[in-house]
1. Which one of Leu115, Leu58, Leu62, Leu110 is open to solvent by 40 Å² or more (accessible area, probe 1.4 Å), under 30 Å from Gly162 (Cα atoms) and among the aliphatic types (A, V, I, L, M)?
2. Being open to solvent by less than 40 Å² (accessible area, probe 1.4 Å) and touching a helix residue (DSSP H, G or I) at 6+ places or on another chain (Cβ under 7 Å) is the filter here; which residues of the stretch 171-190 pass it?
3. Give me a count of the residues in the stretch 194-205 that are within 14 Å of the ligand (Cβ to nearest atom) and either open to solvent by less than 70 Å² (accessible area, probe 1.4 Å) or not basic (Lys, Arg) (or both).
4. Being within 13 Å of the ligand (Cβ to nearest atom) and surrounded by fewer than 20 Cβ atoms within 10 Å (Cβ to Cβ), is that true of even one residue in the stretch 4-18?
5. Kindly provide the set of residues from the stretch 152-183 that are within 13 Å of the ligand (Cβ to nearest atom) and more than 20 Å from Ala229 (Cβ to Cβ), ordered by number.
6. Let me confirm something: among Ala80, Ala57, which residue is free of Cβ contacts under 8 Å to residues at least 60 places away in the same chain, out of contact with any Pro (no Cβ under 9 Å at 6 or more places or on another chain) and of a type outside the set (Phe, Trp, Tyr)?
7. Tell me, please, whether a residue that is of a type in the set (A, V, I, L, M), under 19 Å from Ala5 (Cβ atoms), more than 9 Å from the ligand (Cβ to nearest atom) and in a strand (DSSP E or B) can be found in the stretch 88-109.
8. If you go through the stretch 22-46 one residue at a time, how many are surrounded by fewer than 20 Cβ atoms within 10 Å (Cβ to Cβ) and either under 15 Å from the mean Cα position of the chain (by Cα) or not hydrophobic (A, V, I, L, M, F, W, C) (or both)?
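The values are calculated or read from the model by the stated rules, or taken from the named source; none is laboratory data. Bear in mind the structure is a predicted one, so any value in this text is a computation, not a measurement. Positions of Cβ are generated from backbone atoms using ideal geometry, with glycine treated the same way; all protein chains shown enter the neighbour counts. When the accessible area is computed, the model is the full protein with side chains, heavy atoms only, and any ligands, DNA or RNA have been set aside. Shrake-Rupley method; radii C 1.70, N 1.55, O 1.52, S 1.80 Å.
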Amino acid sequence: MTRLAIITGASSGIGAACAGQFREQGFMVINISRRECPVDGVVNVCGDLGEVTSANALGQRLVEAIEQHTPTSVCVVHNAALMLKDSVADTADSDLERVIQINVVAINALNRHLLPLLPTSSSLLFIGSTLSEKAVAGAFSYVVSKHAQLGMMRATCQDLMGKGIHTALICPGFTDTEMLRGHVGHNQEIIAAISELNSFGRLVDPHEIASLVTWCHDNPVINGSVLHANLGQVEN
Ligand SMILES: NC(=O)c1ccc[n+]([C@@H]2O[C@H](COP(=O)([O-])OP(=O)(O)OC[C@H]3O[C@@H](n4cnc5c(N)ncnc54)[C@H](OP(=O)(O)O)[C@@H]3O)[C@@H](O)[C@H]2O)c1
């Protein structure tokens, strides 16, 4: 009985933490990213989700993996993302297209390849963001793409009625990863300040998000849900 987790962007951060927890639970894990996943035993299907042809080729390689292993359950975690610093006043079309390709279109390409092969009790889980349901200044293309993921998840839920496959959008708050630290220029003062923007005065640990992801796979009752995981973020 093979249970399979397919995780995009498991080379670091939340994706790597998910890979570790699925491995601990006995899943076969496939990572899709440009770098390899640091977790032992993970199968790396390396490639760039930012290229249309590459995303489709990656989808085809996943089809071959599923046909080879005939898993009884598959959890697909759409986690890889690109975050730029930009605004409505200065976002080049090409930058918006790049972000949408990785954060939205590549998800569609992978789903289109995988869906015909997913057994019942599979799940399609999207890693969204607090910025799937609100906006902040200076993250224009990212906010647009994360709102699009919310629509994708809800439309996916409706289109898969009766198929025995569930979906959810998991929305991390400020989480201690390369993406967050890079976005604030590795500035410790900013990291300390944003750590205070929730009721626990710290960043979310990627393993906390991973626990929620594995739980979501096991609990189809949450089908179609948006789950915020941000330690109780201060609203402003
Ligand atoms: N950290 C936060 O505070 C936070 C908050 C809300 C939501 N999130 C969401 O959490 C998810 C994971 O982010 P993270 O914080 O864990 O960041 P991270 O550590 O920087 O991980 C991002 C992952 O995405 C992959 N990726 C990026 N571009 C790619 C491409 N063109 N092709 C293939 N893979 C690509 C990276 O792999 P390679 O570089 O190896 O290709 C990496 O594994 C994202 O969806 C992000 O929007 C994060």
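1. Details: Leu58 fails: open to solvent by 40 Å² or more (accessible area, probe 1.4 Å); Leu62 fails: open to solvent by 40 Å² or more (accessible area, probe 1.4 Å); Leu110 fails: open to solvent by 40 Å² or more (accessible area, probe 1.4 Å).
Just one listed residue meets the conditions, Leu115.
2. Cys171, Pro172, Gly173, Thr175, Thr177, Val184
3. If we filter the stretch 194-205 for residues that are within 14 Å of the ligand (Cβ to nearest atom), which is where we start, we get 194-195, 197-198, 202-205.
Within this subset, residues satisfying the condition of being either open to solvent by less than 70 Å² (accessible area, probe 1.4 Å) or not basic (Lys, Arg) (or both) are 194-195, 197-198, 203-205.
Counting residues in the stretch 194-205 that are within 14 Å of the ligand (Cβ to nearest atom) and either open to solvent by less than 70 Å² (accessible area, probe 1.4 Å) or not basic (Lys, Arg) (or both) gives 7.
4. So far as the stretch 4-18 goes, yes, one or more of its residues are within 13 Å of the ligand (Cβ to nearest atom) and surrounded by fewer than 20 Cβ atoms within 10 Å (Cβ to Cβ).
5. Residue satisfying the conditions is Gly182 alone.
6. Working: Ala80 fails: free of Cβ contacts under 8 Å to residues at least 60 places away in the same chain.
The match here is Ala57.
7. Within the stretch 88-109, none of the residues are of a type in the set (A, V, I, L, M), under 19 Å from Ala5 (Cβ atoms), more than 9 Å from the ligand (Cβ to nearest atom) and in a strand (DSSP E or B).
8. Here is the first cut: in the stretch 22-46, the residues surrounded by fewer than 20 Cβ atoms within 10 Å (Cβ to Cβ) are 23-26, 28, 34-36, 38, 40-41, 43-46.
Then drop every residue that is not either under 15 Å from the mean Cα position of the chain (by Cα) or not hydrophobic (A, V, I, L, M, F, W, C) (or both), which leaves 23-26, 34-36, 38, 40-41, 44.
Number of matching residues: 11.
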